[in-house]
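Heads up: the structure comes next, in structure tokens.
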Number of protein chains: 4
Amino acid sequence: MKVHVVGVIGAGRIGKLHIANMKNMHKVRVKTVSDPFIDQMQDWFINSCVENLTKDYKDIINDPEIKAVIICAPTDLHIPIIKEAAAAGKHIFCEKPISFSDEETIEAYETVQKAGVKFQLGFNRRFDRNFAKVKEIVANKEIGDLHILKIQSRDPEPPSLDYVAHSGGIFMDMSIHDFDMARYISGSEVEEVYATGTALVNPEISKYEDIDTAIITLKFANGAIGVIDNSRQAVYGYDQQLEAFGSKGSAKVNNETQSRVEVLTTDGVKSDNPLYFFLERYNDAYIAEMSQFFDAIENNTEVPCSFIDGIMAQRIAQAAKESLLTGKPVKVKKL
Amino acid sequence: MKVHVVGVIGAGRIGKLHIANMKNMHKVRVKTVSDPFIDQMQDWFINSCVENLTKDYKDIINDPEIKAVIICAPTDLHIPIIKEAAAAGKHIFCEKPISFSDEETIEAYETVQKAGVKFQLGFNRRFDRNFAKVKEIVANKEIGDLHILKIQSRDPEPPSLDYVAHSGGIFMDMSIHDFDMARYISGSEVEEVYATGTALVNPEISKYEDIDTAIITLKFANGAIGVIDNSRQAVYGYDQQLEAFGSKGSAKVNNETQSRVEVLTTDGVKSDNPLYFFLERYNDAYIAEMSQFFDAIENNTEVPCSFIDGIMAQRIAQAAKESLLTGKPVKVKKL
Amino acid sequence: MKVHVVGVIGAGRIGKLHIANMKNMHKVRVKTVSDPFIDQMQDWFINSCVENLTKDYKDIINDPEIKAVIICAPTDLHIPIIKEAAAAGKHIFCEKPISFSDEETIEAYETVQKAGVKFQLGFNRRFDRNFAKVKEIVANKEIGDLHILKIQSRDPEPPSLDYVAHSGGIFMDMSIHDFDMARYISGSEVEEVYATGTALVNPEISKYEDIDTAIITLKFANGAIGVIDNSRQAVYGYDQQLEAFGSKGSAKVNNETQSRVEVLTTDGVKSDNPLYFFLERYNDAYIAEMSQFFDAIENNTEVPCSFIDGIMAQRIAQAAKESLLTGKPVKVKKL
Amino acid sequence: MKVHVVGVIGAGRIGKLHIANMKNMHKVRVKTVSDPFIDQMQDWFINSCVENLTKDYKDIINDPEIKAVIICAPTDLHIPIIKEAAAAGKHIFCEKPISFSDEETIEAYETVQKAGVKFQLGFNRRFDRNFAKVKEIVANKEIGDLHILKIQSRDPEPPSLDYVAHSGGIFMDMSIHDFDMARYISGSEVEEVYATGTALVNPEISKYEDIDTAIITLKFANGAIGVIDNSRQAVYGYDQQLEAFGSKGSAKVNNETQSRVEVLTTDGVKSDNPLYFFLERYNDAYIAEMSQFFDAIENNTEVPCSFIDGIMAQRIAQAAKESLLTGKPVKVKKL
């Protein structure tokens, strides 16, 4: 059995999630994890099977035994790490977004291309069984031609204002997943965006020139139109729904719930809320995306979510931001 | 437009329901209503369009202009009224059950046969769009051969103990609708019954040698088996579900609800309970059964729910009662 | 029993619907129906209880016995009929939209005000039990403050191109119901609209400078945002859903269906599509709106859907049309 | 980290399932697997991490390093293996049923008691999140006192006739899970059973004095009544539903499905069938039961499903068999 020797850069919430998942993949060996705050996380690693801990990600870059890196560092560090890892010939799995700057992203893309390493972006929702099923239904024309794509995407609780300050804004941080879904399900590029939004969950967020409630209208290259609505706080849980409506019908993803139990009393019929947040909702999807990353390396095949997918989702986010600021629809920069 | 001149015998809850429904049928004229307590009901009739009120049902029997009678009197009066009405050449719509005695029922049946009048029994559920749809699915073999028939039938609140005393017992009063459903959906006779039951809603009911919670197993002539569960009190509303399970699939009737609204809060997802009771749940079915009764008279066609249907449902009820008393399965008396 | 003597102007699909409903209202007497094509409709009226048929609506206006008129004529005739009816002191129920011109509408409004007659607009959806329930939930703050209002409104089949030519366009003809719902549910005015749309169902519709697929973003005076999506053809039936999302939860109206039957076979679980179109879906709502119109006359109370409601919905439609033409968000004209 | 050294006896479908699950439990080391046909299964074990393969289960019994055995051998071998393993001081996880003989089961129970080893029975459904939730709702009296317990339990495809011949019959092989659920959910013993059944899926099964379609009525010690319906073939998938109905409401487990996708076309609304069979449906439950077995060993706590649970479920199965043969209700043998 071939074993992939892996380094993980950044051991925050998502980094730890990937480490826990890789622990159960018998063909993966997590050799080193780096994080500037690793000293404060020793406890977490006791049963983790990780061999080395370090504060300096360069220890990973410089380790010739490590063939693949998982980048879970803050977004503003992505570009240098990608470039160094690619230069060192390592395959790269990187969390979204690649960066906040289109120019830097393109530069990093070129470095990766030259190095000839695999690069997979962490748009985990592509690996959810529900969205994948609708993708297939749309691709097979079971609903005819796509006319309207609707995405309802709401978090159960807003991030801290500290997080907001470095998040790149709601479109780059949160809606970017929906922009990727729009491209993934439709099989088409988004050409124009109109965004409206406001701070209703927490007005304080305005101080960071950000919003927490948004509606974004999309025009696709294939003629379809779409709409995304986002909220930073759906108190009932992580609301992740999507509908593809076409000339021959409609395919809809409903929320996953904790159980299938219904309770009937004099108060009415009660059933479970959506699964609370991304860790619960996309648990299987996170495992699948990582597993397919290693498959792509092993078999030298295309990754299921590419650098280009990252670039295009970012450009839609940038157009949405501009639209919000100008109050007008904005064209998405083409490749 | 031909007009049906009608008399209603008995103006309790169900009698008033039929009167209200006939008021909106332009081809029906409710000439006379009889009830021993009619004096106390004057108010109700003010806007009812009924022409005459009387305490004596014979005023209806003896009125040659009246061509059809709707019998909503207490069960123990059904037999004499049916016989007199048939002898007077009037078409008859009668509420269930026909009587508590098989012998008397058969005698009345013969009188009706001789008179050559139409006789329709009030098994209203046959006229519900949901049950009718499943009946059709079963008849069309869309679920292949029927293997198991399940009926879940629960009232929202128990009747008064006074009512219980004259009800003929749960099987004759309540389950009889389910016995008819069993025959209607399966298209087969019930050959054997095993009943178990107890008084869980209100132990007082035991004083009347009755129960309020029951499970009844059925064996059908066509080889299928079935089960009915009954409760006199489902606090969440009138629970009226049914499933026909067969070699190629299953068809299920879910409850009708007041609205299609779902509310999601931190407490979970809440939707409406089943419609409260038979007046709400079978409103359309009551209208349809009466309308089809007049159609059968007008066109001289078969009624959709016959005297025989009433006899057979009663016999299943009698077998269930005997099974409960003896603790053994009991054969249903054949026609 | 007070009886309302009524004239109906226009006997097309919706006119006949109201006539059929009023036939079962015992306090309403439909004395006269006018329609230029009444000669070709004689058959329909045979069992309708309507007393007089005429080609000329002035026969209704000039009949002093008639106290209320139901205007179901084509939109371009609404203004003169409203004015004449009001001048003749008749109460008015009018189908939407009032007219295609804001100036004319305002003029008619003033005539009606002066005449002091009741005027109710035919926004039937307000009378649907589901939407009314969500309205109440929002008003009671059960979902906290409203953040996002979503309306999904799709017809099962497009109208003829002939109809399209005189419809005033999708926003005035179809979305106008959704604009009213937006105001009704939110309890707030719409301040700004951004519309995008295209001809995907039938490209021929472009010849009439119209579209058949639209997404419309709304900004409400109360700070909430909203989105409507429309299609002239949902092949699976009349899709009428709505969600009010707020700080404490969400309330959603799902589609009404023909039955509650589910069929499970090797092909999957199959249940019924939404009710086919407005006649099926809003049957009860049409009865309720008319009944409440007569109640308002009888008790001299406020009508449940006013002239102002008609004016404001039209202005949103006009803003949407301008937005589609200019590609920019447009402010809605205030009262 | 303490490591449990384990031997698995029997490597059929369920044995392999447990081996695959234990592979991902870092505190478990599967040292040896025995199966008479192990030679034909070499391929399966290549990536399984199992250290030794043997034809003779005594190699496991005699290995002092092995502290726990997982018994997945055919039922008729359970008793000797249990006795030998207990005598050798090994903790035991055993698949259901323990045996076909009440006397032998009791004997084995006494051996296990004397040896003081842990013994857990494989009633996997207790570990399903849905059933566990209803168990808790019933225990908390959220639905008041239990009145009726309904279990709908149907396999997607019948076993081979060869399997049937050695299965102990439908009640011992299949319904036994439902009998355990009845005790688990109700928190009460079953006192009396009445079973009816027939061979509708495959009449050939009658040759083995077995049936494939059954309805079983239960009387509980706590006064409640219950009913189970079983079929060896629900063509639409593994149907695993349950309802606990009580004085204050009802709690129902609906089926788990492959996805939450709904597709609407002119053919109606289509959604996914139940998960196909036990491997898919109870995947998480199988992991949880094994994990809790090792927890009980580690912490020396009570196992979540005991030898007594196995004995009582068997006795209900035996009573059901007798009821089917005699056509009468049968008392369940008390402990």
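Residues in segment A:1-59 that are β-branched (Val, Ile, Thr), farther than 22 Å from A:ILE297 by Cα and in contact (Cβ under 8 Å) with a residue 24 or more places away in the chain: A:ILE38 only.
Looking at segment B:285-304, which of the residues that are in a helix (DSSP H, G or I) and touching a Lys or Arg at 6+ places or on another chain (Cβ under 7 Å) is farthest from B:GLY122 (Cα to Cα)? Looking at the filtered set, the residue picked out is B:GLU298. The set of residues in segment B:116-162 being facing another protein chain (nearest Cβ under 10 Å) and of a type in the set (Gly, Ala, Ser) consists of B:ALA132, B:GLY144.
Can you work out which of the residues in segment B:182-205 that are within 14 Å of another protein chain (Cβ to nearest Cβ) and part of a helix (DSSP H, G or I) is nearest to D:HIS147 (Cα to Cα)? So, considering only residues that are within 14 Å of another protein chain (Cβ to nearest Cβ) and part of a helix (DSSP H, G or I), the one nearest to D:HIS147 (Cα to Cα) is B:PRO203.
Mind checking whether some residue in segment C:196-207 is in the same structural domain as C:LYS150 (by TED's automatic domain parsing), farther than 15 Å from C:LEU325 by Cα and in contact with a Ser or Thr (Cβ under 6 Å, 6 or more places away or on another chain)?
Applying the first criterion (in the same structural domain as C:LYS150 (by TED's automatic domain parsing)) to segment C:196-207 yields C:196-207.
Cutting the leftovers down to farther than 15 Å from C:LEU325 by Cα gives us C:200-205.
Remaining after also requiring in contact with a Ser or Thr (Cβ under 6 Å, 6 or more places away or on another chain): C:200.
Within segment C:196-207, one or more residues are in the same structural domain as C:LYS150 (by TED's automatic domain parsing), farther than 15 Å from C:LEU325 by Cα and in contact with a Ser or Thr (Cβ under 6 Å, 6 or more places away or on another chain).
Regarding D:ALA132, is this residue at negative phi, assigned to a helix (DSSP H, G or I) and open to solvent by less than 10 Å² (accessible area, probe 1.4 Å)? Spell out the reasoning first.
On the way: at negative phi: yes; assigned to a helix (DSSP H, G or I): yes; open to solvent by less than 10 Å² (accessible area, probe 1.4 Å): no.
So D:ALA132 fails the test.
Here D:VAL138 fulfils each of the conditions (1) free of Cβ contacts under 8 Å to residues at least 60 places away in the same chain; (2) crowded, with 16+ Cβ neighbours inside 10 Å apart from (1). Residue pairs whose Cβ atoms lie under 8 Å apart, separated by 6 or more positions or on different chains, with the first residue in segment C:198-212 and open to solvent by less than 30 Å² (accessible area, probe 1.4 Å) and the second of a type in the set (Lys, Arg), are C:ILE205/C:ARG232; C:ASP212/C:ARG232. The single condition among (1) within 19 Å of A:GLY12 (Cα to Cα); (2) open to solvent by 10 Å² or more (accessible area, probe 1.4 Å); (3) not aromatic (Phe, Trp, Tyr) that A:GLU84 does not meet is (1). For C:LEU77, state whether it is in a strand (DSSP E or B), out of contact with any Ser or Thr (no Cβ under 7 Å at 6 or more places or on another chain) and surrounded by fewer than 20 Cβ atoms within 10 Å (Cβ to Cβ). No; evaluated as a whole, the condition is false for this residue.
Quick one: which residue in D:SER259, D:SER231, D:SER175, D:SER247 is closer than 19 Å to D:ASN140 by Cβ and in contact (Cβ under 8 Å) with a residue 12 or more places away in the chain? Outline the logic, then answer.
Numbers: D:SER259 fails: closer than 19 Å to D:ASN140 by Cβ; D:SER231 fails: closer than 19 Å to D:ASN140 by Cβ; D:SER175 fails: closer than 19 Å to D:ASN140 by Cβ.
From the options D:SER259, D:SER231, D:SER175, D:SER247, the qualifying one is D:SER247.
Quickly run through segment B:88-106 and pick out the residues that are touching a strand residue (DSSP E or B) at 6+ places or on another chain (Cβ under 9 Å) and not in a loop (DSSP other than H, G, I, E, B). Correct list: B:HIS91, B:ILE92, B:PHE93, B:CYS94. Residues in segment B:291-335 that are more than 14 Å from chain D (Cβ to nearest Cβ), open to solvent by 50 Å² or more (accessible area, probe 1.4 Å), farther than 21 Å from B:MET22 by Cβ and out of contact with any strand residue (DSSP E or B) (no Cβ under 9 Å at 6 or more places or on another chain): B:GLU302, B:LYS333, B:LEU335.
Residues of segment C:149-160 include at least one that is polar (S, T, N, Q) and more than 16 Å from the chain's Cα centre (by Cα). Of all the criteria given as (1) more than 14 Å from chain D (Cβ to nearest Cβ); (2) closer than 30 Å to D:THR266 by Cβ; (3) touching a Gly at 6+ places or on another chain (Cβ under 8 Å), the one not satisfied by A:GLY223 is (3). Considering only residues in segment D:231-250 that are outside any strand (DSSP E or B) and away from chain A (no Cβ under 11 Å), the one that is most open to solvent (accessible area, probe 1.4 Å) turns out to be D:GLN233.
Just to check your reading of the model, which residue among C:VAL30, C:VAL8 is within 30 Å of B:ALA20 (Cα to Cα) and within 14 Å of chain B (Cβ to nearest Cβ)?
C:VAL30
Residues that are among the β-branched types (Val, Ile, Thr) and under 22 Å from D:PHE294 (Cα atoms) were ranked within segment D:28-62; the one that is surrounded by the most Cβ atoms within 10 Å (Cβ to Cβ) is D:VAL33.
Considering segment A:206-220 alone, what residues qualify as being among the β-branched types (Val, Ile, Thr) and either out of contact with any Leu (no Cβ under 7 Å at 6 or more places or on another chain) or more than 9 Å from chain C (Cβ to nearest Cβ) (or both)?
From segment A:206-220, those among the β-branched types (Val, Ile, Thr) are A:211, A:213, A:215-217; that's our starting set.
Selection gives A:ILE211, A:ILE215, A:ILE216, A:THR217.
Taken over segment B:164-182, residues that are over 13 Å from the mean Cα position of the chain (by Cα) and open to solvent by 10 Å² or more (accessible area, probe 1.4 Å) amount to 4.
Which ones in segment B:258-275 are assigned to a loop (DSSP other than H, G, I, E, B) and either at pLDDT 95 or above or more than 21 Å from A:GLU262 (Cα to Cα) (or both)?
B:SER259, B:ARG260, B:THR266, B:ASP267, B:ASP272, B:ASN273, B:LEU275, listed by residue number.
For B:SER99, the conditions (1) open to solvent by 30 Å² or more (accessible area, probe 1.4 Å); (2) modelled with pLDDT of 95 or more; (3) among the polar types (S, T, N, Q) are fulfilled apart from (1).
So, B:ILE228, is that one more than 7 Å from every other protein chain (Cβ to nearest Cβ), in a strand (DSSP E or B) and in contact with a helix residue (DSSP H, G or I) (Cβ under 8 Å, 6 or more places away or on another chain) or not? Outline the logic, then answer.
Numbers: more than 7 Å from every other protein chain (Cβ to nearest Cβ): yes; in a strand (DSSP E or B): yes; in contact with a helix residue (DSSP H, G or I) (Cβ under 8 Å, 6 or more places away or on another chain): yes.
When the stated conditions are applied, B:ILE228 passes them.
All of C:LEU121, C:LEU161, C:LEU149 fail the test of being farther than 24 Å from A:LEU200 by Cα, buried (at least 23 other Cβ atoms within 10 Å of the Cβ) and touching a helix residue (DSSP H, G or I) at 6+ places or on another chain (Cβ under 7 Å), apart from C:LEU121.
The values are calculated or read from the model by the stated rules, or taken from the named source; none is laboratory data. Keep in mind the model is a prediction, meaning the values are calculated, not measured. Please note: Cβ atoms are built from the backbone with ideal geometry, for glycine as well, and neighbour counts cover all protein chains shown. These accessible areas exclude ligands, DNA and RNA; they are computed on the full protein's heavy atoms, side chains included. Shrake-Rupley method; radii C 1.70, N 1.55, O 1.52, S 1.80 Å.
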